[in-house]
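S.K.: First, the structure itself, so that you have it in front of you.
Each reported figure results from applying straightforward, stated rules to the coordinates on display, with no laboratory input. Being a predicted model, the structure only gives us computed values, none of them experimental. Cβ: placed from backbone, ideal geometry, glycine included. Neighbour counts: every protein chain shown.
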Amino acid sequence: MAFLPDEARSLPPPPLFNKGSVWLGFVGWLSALADNGFNQRPVLRAGVHRQILFATVGFFVGYQLVKRAEYVHAKVDRELFEYIRHHPVDFQ
Amino acid sequence: MAAGLRAVRRWGLAAAAPPGLAFTRSAFVATKANNAQPNWLGVALAFSTSAALWAFLIKQHKEDVVEYERRKQARGHKCTECS
């Protein structure tokens, strides 16, 4: 199955800065800082290019994951409402 | 064997007694990382990859918004239960 089927584009896209992307971007940045720590470099001032790259990759992955999560939730909601619509007797 | 001994010394294990004299030839050479001289190729690749990823992400987000608005217009909002 595709990561993001075409019908996912009918959903409102999540904002660029959302919980998932910001958090994973932060996690990526922390892992760059940890890499500095493990290699005995100054934690904040060293490898800024690495910090930016890891944070960017985390942000990117977070954004894609949030889009997929919203799609899966919307799909489940649609199936739920379809079921309710087809079985009104059970929901009176 | 001399190459193995040189590698051991480079790794800073000269003080430790090597376990027997059974050296295996390795394709890898361990060197101490030199953080004083920047690896400019790595820096350039990191920055260019970050810039490319950001550009792609922002472009994709803008396209997603446009596509969503277009599909909303095309649908004419006839279904009021699902959003």
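S.K.: Does A:V27 meet the test of being under 30 Å from B:A74 (Cα atoms), β-branched (V, I, T) and within 13 Å of the chain's Cα centre (by Cα)?
M.R.: Taking the combined requirement at face value, the residue does not satisfy it.
S.K.: Only one of these is within 21 Å of the chain's Cα centre (by Cα), loosely packed, with under 12 Cβ neighbours inside 10 Å, of a type outside the set (S, T, Y) and within 11 Å of chain B (Cβ to nearest Cβ): A:D77, A:D6. Name it.
M.R.: Going through A:D77, A:D6 in turn, just one is within 21 Å of the chain's Cα centre (by Cα), loosely packed, with under 12 Cβ neighbours inside 10 Å, of a type outside the set (S, T, Y) and within 11 Å of chain B (Cβ to nearest Cβ): A:D6.
S.K.: In the range A:35-44, is there at least one residue being buried (at least 18 other Cβ atoms within 10 Å of the Cβ), outside any loop (DSSP other than H, G, I, E, B) and either touching a residue at least 40 places away in the same chain (Cβ under 8 Å) or not small (G, A, S) (or both)?
M.R.: Checking the range A:35-44: at least one residue is buried (at least 18 other Cβ atoms within 10 Å of the Cβ), outside any loop (DSSP other than H, G, I, E, B) and either touching a residue at least 40 places away in the same chain (Cβ under 8 Å) or not small (G, A, S) (or both).
S.K.: Does the range A:14-55 hold any residues that are under 20 Å from B:D64 (Cα atoms) and in contact with a Phe, Trp or Tyr (Cβ under 6 Å, 6 or more places away or on another chain), and which are they?
M.R.: A:S21
S.K.: While we're looking at this one, here's another question. Does A:F59 count as surrounded by fewer than 19 Cβ atoms within 10 Å (Cβ to Cβ), within 13 Å of chain B (Cβ to nearest Cβ) and of a type in the set (A, V, I, L, M, F, W, C)?
M.R.: no
S.K.: What number of residues within the range B:45-73 are more than 7 Å from chain A (Cβ to nearest Cβ) and among the aromatic types (F, W, Y)?
M.R.: The number of residues fulfilling the criteria is 1.
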